[in-house]
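Take a look at the following structure, please.
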Amino acid sequence: MIHHQYWGAVLAGIGAGIVTGLFGTGGGMVLVPLLGLLTSAKEEEIFPCSICVTLTLCIVTLIFMPGIHFEITQVLPYLLGSAIGGLAAGIWGCKIPVLWLHRILGAFVLWGGIRYLC
């Protein structure tokens with residue numbers, strides 16, 4: 001990686017880490033556009049990178065955020081559901097044009113934002 005691209009990736013990671021640390025998730029929504037803006041990575045490289053980084057961010061946030069208490073039995077249904085959803089997205093997601101993936105994500109972000117504002 002070229003020197004300035006390295007620092008662009010570091011800055012993108014910091015932004016994603018801050019968002020994930022503050023809100024518990026959402027770092028990928030910051031990471032994907034920042035990697036596209038600050039590095040010369042292609043979209044097909046950015047999305048897998050974002051998934052790996054987001055997983056790491058969530059684990060680090062879970063470990064180091066004080067006051068988090070949960071029972072593993074409470075989260076097992078969510079883990080199972082997200083594993084099935086991730087598998088389905090991995091298998092069929094590559095068949096959806098990138099433009100439509102952007103639109104779908106944008107719709108979810110808008111819906112979530114409106115939901116939290118109201």
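We did not get these values from a lab; they are worked out from the coordinates using the rules stated. On a predicted model such as this, the values are computed, not experimentally measured, just so you know. Quick reminder, even Gly has a Cβ in these numbers, built from the backbone with ideal geometry, and neighbours come from all protein chains shown.
Can you compute the FRET efficiency between Leu105 and Ser40 using 1/(1 + (r/R0)^6), with r the Cβ-Cβ distance and R0 = 25 Å? Round to the nearest 0.05.
It comes out at approximately 0.65.
If you don't mind, there's one more thing I want to ask. What's the extension gain from Leu117 to Thr25 if we count 0.36 nm per residue and subtract their Cα-Cα distance?
So the chain would gain 31.4 nm between Leu117 and Thr25.
Choose one of Val30, Leu101, Gln74: the residue whose Cα lies farthest towards the positive end of the charge dipole of the chain (beta-carbon charges +1 Lys, Arg; -1 Asp, Glu; about the Cα centre).
Ranked along the dipole, the leading option is Leu101.
With r defined as the distance between the Cβ atoms of Met65 and Tyr6 and R0 fixed at 22 Å, what FRET efficiency is calculated, to the nearest 0.05?
In this case the efficiency is close to 0.20.
Mind checking the alpha-carbon convex hull of region 1-102 and giving the volume per residue in Å³?
109
Could you state, as a whole-number percent, how many of the C-alpha pairs of region 2-47 are farther apart than 16 Å?
For region 2-47, the share of Cα pairs beyond 16 Å comes to 33 percent.
Then there's this: What FRET efficiency would be calculated for the residue pair Val98, Ile18, taking the C-beta separation as r and a Förster radius of 30 Å, to the nearest 0.05?
Efficiency at R0 = 30 Å is approximately 0.70.
In addition: Any chance you could check the Cα centroid distance between region 46-94 and region 10-30 for me, in angstrom?
14
Computed over the Cα atoms, what is the radius of gyration of region 72-118 divided by 2.2 N^0.38 Å, N being its residue count?
Here the answer is 1.47, to two decimals.
Let me ask something else about it. So, with +1 on the Cβ of K and R and -1 on the Cβ of D and E, and no other charges, what is the size of the charge dipole of the chain about its Cα centre, to the nearest 20 debye?
Dipole of the chain, to the nearest 20 debye: 220 debye.
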